[in-house]
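For reference, the structure is listed below as structure tokens.
The values are calculated or read from the model by the stated rules, or taken from the named source; none is laboratory data. Because the structure is a prediction, the values reported are computed rather than measured. Note that each Cβ is placed from the backbone with ideal geometry, even for glycine, and that neighbours are counted across all protein chains shown. Ligands, DNA and RNA are excluded from the accessible area calculation, which covers all protein heavy atoms including side chains. Shrake-Rupley method; radii C 1.70, N 1.55, O 1.52, S 1.80 Å.
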Amino acid sequence: MKKVLFNFAIATAAAALVACGNKTAKADADSDSPAVEIQAAADSANVVTAETVEVEEEPTDDPTNVEEWDVSVRTFDLDSEPKYEVIIRNSEGKTMTVGERTGYDYPQDMLETFGNVWQTDVNFDGRTDVMICLGREPVSDQTFVRYDAWVYDPDSGKFYCQGTFRQICNPEVDREEQRILGHYIARDGQTRVYSAHYWQKDGNIQSVGESWIAE
């Protein structure tokens, strides 16, 4: 079983722990979404003071997901400008990357999953990368979930944060087409809007527009 370290921020006593996003109803069996892992973490968590909690992941069927990174996330300044610090170590305990990023100034009840971790091959190079949840953005009658993607660079042996990945709302990893899908519900409440994003050789992401799928 792969072990991932989650850091849960201080939650108010009245706050209900909810999922970091809803799994999209996409028929493609080869797609992957962090929402399932976040849901499991949220459902099993209690209201606690800030501390590191160890959670075991279910084995993945992704044949490229072979590394076992030890990821620790510390969140702070949640009442002003939310920030997090991430430390990524290899299976031997060697520190590979230490980084700090600013999140979004979401309402407190939208930050319950801020700092949660999802590991998958996000750029389809056969290496495991790290996605860190930035919380949930309330938009009309739905929420957008955004992540930072810390991508493993085999040449340097370190991770770098792909700056524009957080612009993709409710991301899905589509392994078959090797793309990242973002999605949301249109204002009519019945139409799902998908946007496709492809990784370029220089590490940037290119969007190829949107498509509409009726529910």
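Structure above, values below:
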| quantity | calculated |
| --- | --- |
| Some residue of the stretch 76-83 being within 13 Å of the chain's Cα centre (by Cα) and either within 24 Å of Ala196 (Cβ to Cβ) or at pLDDT 95 or above (or both) | no |
| Any chance Trp212 is of a type in the set (Phe, Trp, Tyr), outside any loop (DSSP other than H, G, I, E, B) and surrounded by fewer than 22 Cβ atoms within 10 Å (Cβ to Cβ) | yes |
| The one condition in (1) under 19 Å from Tyr84 (Cβ atoms); (2) modelled with pLDDT of 95 or more; (3) part of a loop (DSSP other than H, G, I, E, B) that Asp105 fails to fulfil | (2) |
| Test: residue in the stretch 134-141 that is part of a strand (DSSP E or B), within 24 Å of Tyr198 (Cα to Cα) and not charged (D, E, K, R) | yes |
| Within the stretch 147-208, strands (runs of 3 or more DSSP E) holding 2 or more residues that are surrounded by 13 or more Cβ atoms within 10 Å (Cβ to Cβ) and among the aliphatic types (A, V, I, L, M) | 179-185, 191-199 |
| Qualifying residue in the stretch 109-118 (condition: at negative phi, in a helix (DSSP H, G or I) and over 13 Å from the mean Cα position of the chain (by Cα)) | yes |
| Tally of residues being closer than 22 Å to Lys94 by Cβ and open to solvent by 30 Å² or more (accessible area, probe 1.4 Å) across the stretch 127-146 | 1 |
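Okay, residues lined up against (1) without any contact (Cβ under 8 Å) to a residue 12 or more places away in the chain; (2) open to solvent by 40 Å² or more (accessible area, probe 1.4 Å); (3) among the polar types (S, T, N, Q):
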| position | (1), (2), (3) |
| --- | --- |
| Val71 | no, no, no |
| Val86 | no, no, no |
| Gly93 | no, yes, no |
| Val98 | no, yes, no |
| Tyr106 | no, no, no |
| Thr113 | no, no, yes |
| Asn116 | no, no, yes |
| Asn123 | no, no, yes |
